[in-house]
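Q: I'd like to ask you about the structure that follows.
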Amino acid sequence: MKAATTALTRGLTSRHIRFIALGSAIGTGLFYGSAAAIEQAGPSVLLAYLIGGVAVYLVLRALGEMAVSNPVSGSFGEYASKHLGPLAGFMTGWTYAFEMIVVCLADVTAFGVYMGFWFPDVPRWIWVLAIVFFIGAINLLSVKVFGELEFWFTLVKVAAIVAMIAAGVAILIFGFGVHDTGTGISQLWTEGGFFATGFGGFVGCFAIVVFAFGGTEIIGVTAGEAQDPERTIPRAVNTVPIRIMLFYVLTLAVIMAINPWQSIGTDGSPFVQIFQGLGIGPAATVLNIVVITAALSAINSDIFGAGRMMYGMAQRGQAPAVMKQVSRNGVPWMTVVIMTATLLVGVLLNYLIPEKVFLVIASIATFATIFVWLMILLSHYRSRRQMSADQTSALKFPVPFWPYGQMLAIAFLVFVIVVLAFSADTRVALVVGAVWLILLTLTYLRFVRPQPESEPELVRQPS
């Protein structure tokens, strides 16, 4: 009977996992964050997204190798505990949960704003409260229901992006009165040059780029509930980064080829401009449906990811034991309740958040993302160094470019941390991040008793 109340169920198929990972990276970072990145870097933002995409791929391959070998709910939190020590695992797990909470607070508030487009007389807090309870209830159902819902949410977003790319290409070819077909795609380099804002602008946009790709590491979290991790995880890892790069790079290239990059973010949403260019009247309505779906998808996956991470940490004794409680459907219901309660606090706080909070939240989430990615890469590096030649050859999903690719990815992430320090708006993220890590260390030393001799027992799921 005990196994039924403490073990997760494996109900996520390959289709679910691919779309969960894809959906987690296509949301606020693309529909709104990309405008800020374009304003900062101009057309060179395309190169920044390509470089960021390569870094994401290397991180996911490192995570995929470990997840296929050891598919557990604690994922990279458990891998950090095993290879870097219990303190590193504790900090990794809680930093990921913190990242999901911060992003989720922004998304639930954004949902209220989006609904105000149709219902301006309804107080925003009503929509925020409604969506928190709705998504919380969804996450209390079986993991298969969650996976199916996330599949359809992501499908709507992907279909909208594909339609926008197709519409943009049509405008480039036929003009439709909004574009001079004689200029072709030359606006990518004639409006001040490809590096229109200089090398400083190009470097500065990497903070937003990393924020946009944050969340893809949820692939590792799903491994504990994947039906066939050895087949589904490699498929998701190999396909999602390529699709992300295509969606971001191709979408933004089409947008900047049609409209001068200087006008993006100042004359309304570039997505609205594309649909209006084709004579679609209710372009704003179409976009609103898409961004609402994006917000729902993000909230859904954030609650799932943070909840599963806290469950895995509870299994290792790094979180309150109450978080190990699982419903008859195999869902860690207590972690879902905790996440929902945290978001209810956001219902109250959203009235106090100033308009410029997006950049601050994005910066804090970027710091958390970078820290988690660094822990993934360092855990993988240490695990590889501890393997024998026979163990390495037996790996079912080994990383490419070992060890130079991993070293380059680590160097890139350290570089982005340095970038955060050069802007007053993003520097706050380093301060918050440093305070957060100090608090985690003190909490670990005070409340979590290190027990090296019992570590093998802590990382095993009870039967």
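Q: Under 9 Å by Cβ, and 6 or more places apart or on different chains, what pairs join a residue from region 53-77 that is free of Cβ contacts under 8 Å to residues at least 12 places away in the same chain and under 18 Å from Leu374 (Cβ atoms) with one that is among the β-branched types (Val, Ile, Thr) and outside any helix (DSSP H, G or I)?
A: none
Q: Let me ask something else about it. Using the structure shown, decide if Phe151 is assigned to a helix (DSSP H, G or I), open to solvent by less than 60 Å² (accessible area, probe 1.4 Å) and of a type outside the set (Ser, Thr, Tyr).
A: yes
Q: Check whether at least one residue in region 141-154 is in contact with a strand residue (DSSP E or B) (Cβ under 8 Å, 6 or more places away or on another chain) and farther than 30 Å from Leu250 by Cα, and report yes or no.
A: yes
Q: With respect to Phe247, determine if the residue is at pLDDT below 75 and assigned to a helix (DSSP H, G or I).
A: Values: at pLDDT below 75: no; assigned to a helix (DSSP H, G or I): yes.
No.
Q: Next question, about the same structure. Name the pairs: first residue in region 305-333 and aliphatic (A, V, I, L, M), second residue open to solvent by 10 Å² or more (accessible area, probe 1.4 Å) and in a loop (DSSP other than H, G, I, E, B), Cβ to Cβ under 6 Å, at least 6 apart or on different chains?
A: Within 6 Å, the pairs are Met310/Ala319; Met313/Ala319.
Q: Then there's this: Is it true that Phe133 is surrounded by fewer than 18 Cβ atoms within 10 Å (Cβ to Cβ), assigned to a helix (DSSP H, G or I) and modelled with pLDDT of 80 or more?
A: Answer is yes for this residue.
Q: Name every residue in region 47-96 that is at pLDDT 90 or above and acidic (Asp, Glu), in order of residue number.
A: Glu65
Q: Does region 188-200 contain at least one residue that is outside any helix (DSSP H, G or I), under 21 Å from Val54 (Cα atoms) and at pLDDT 80 or above?
A: yes
Q: Hey, Asn139 hits all of (1) polar (S, T, N, Q); (2) touching a Phe, Trp or Tyr at 6+ places or on another chain (Cβ under 7 Å); (3) within 30 Å of Arg446 (Cβ to Cβ) but one; which does it fall short on?
A: Unmet condition: (3).
Q: Moving on. Scan Gly93, Gly89 and give me the residue that is in contact (Cβ under 8 Å) with a residue 40 or more places away in the chain, part of a helix (DSSP H, G or I) and in contact with a Lys or Arg (Cβ under 8 Å, 6 or more places away or on another chain).
A: Gly89
Q: Across region 1-17, which residue is modelled with the highest pLDDT among those that are crowded, with 24+ Cβ neighbours inside 10 Å and of a type outside the set (Val, Ile, Thr)?
A: Residue satisfying both the conditions and the ranking: His16.
Q: Kindly indicate which of Lys144, Lys82 is open to solvent by 30 Å² or more (accessible area, probe 1.4 Å) and closer than 26 Å to Arg15 by Cβ.
A: Matching residue, one of Lys144, Lys82: Lys144.
Q: Anything in region 113-144 that is among the hydrophobic types (A, V, I, L, M, F, W, C), closer than 14 Å to Pro332 by Cα and either without any contact (Cβ under 8 Å) to a residue 24 or more places away in the chain or touching a helix residue (DSSP H, G or I) at 6+ places or on another chain (Cβ under 8 Å) (or both)? List them, or say none.
A: Of everything in region 113-144, those that are among the hydrophobic types (A, V, I, L, M, F, W, C), closer than 14 Å to Pro332 by Cα and either without any contact (Cβ under 8 Å) to a residue 24 or more places away in the chain or touching a helix residue (DSSP H, G or I) at 6+ places or on another chain (Cβ under 8 Å) (or both) turn out to be Ala137, Ile138, Leu140, Val143.
Q: Sticking with this structure for a sec: Between a first residue in region 418-432 that is closer than 15 Å to Ala368 by Cα and a second residue that is open to solvent by 70 Å² or more (accessible area, probe 1.4 Å) and assigned to a helix (DSSP H, G or I), which pairs have beta carbons less than 8 Å apart while being 6 or more apart in sequence or on different chains?
A: Qualifying pairs under 8 Å: Leu420/Arg427; Ala421/Arg427.
Q: Taking the condition within 21 Å of Leu155 (Cβ to Cβ) and crowded, with 21+ Cβ neighbours inside 10 Å, does Phe213 pass?
A: When the stated conditions are applied, Phe213 passes them.
Q: What number of residues in region 226-244 are outside any helix (DSSP H, G or I) and within 10 Å of Ala67 (Cβ to Cβ)?
A: 1
Q: How do the pairs read when you match residues in region 387-408 that are more than 17 Å from Asn70 (Cα to Cα) with residues anywhere that are basic (Lys, Arg), using Cβ under 7 Å and keeping only pairs 6 or more apart or on different chains?
A: Once the first residue is more than 17 Å from Asn70 (Cα to Cα) and sits in region 387-408, its partners that are basic (Lys, Arg) give Pro400/Arg61; Trp402/Arg384.
The values are calculated or read from the model by the stated rules, or taken from the named source; none is laboratory data. These figures come from a predicted structure and were not determined experimentally. For neighbour counting, all protein chains shown are included, and Cβ atoms are generated from backbone atoms with ideal geometry for every residue, glycine included. These accessible areas exclude ligands, DNA and RNA; they are computed on the full protein's heavy atoms, side chains included. Shrake-Rupley method; radii C 1.70, N 1.55, O 1.52, S 1.80 Å.
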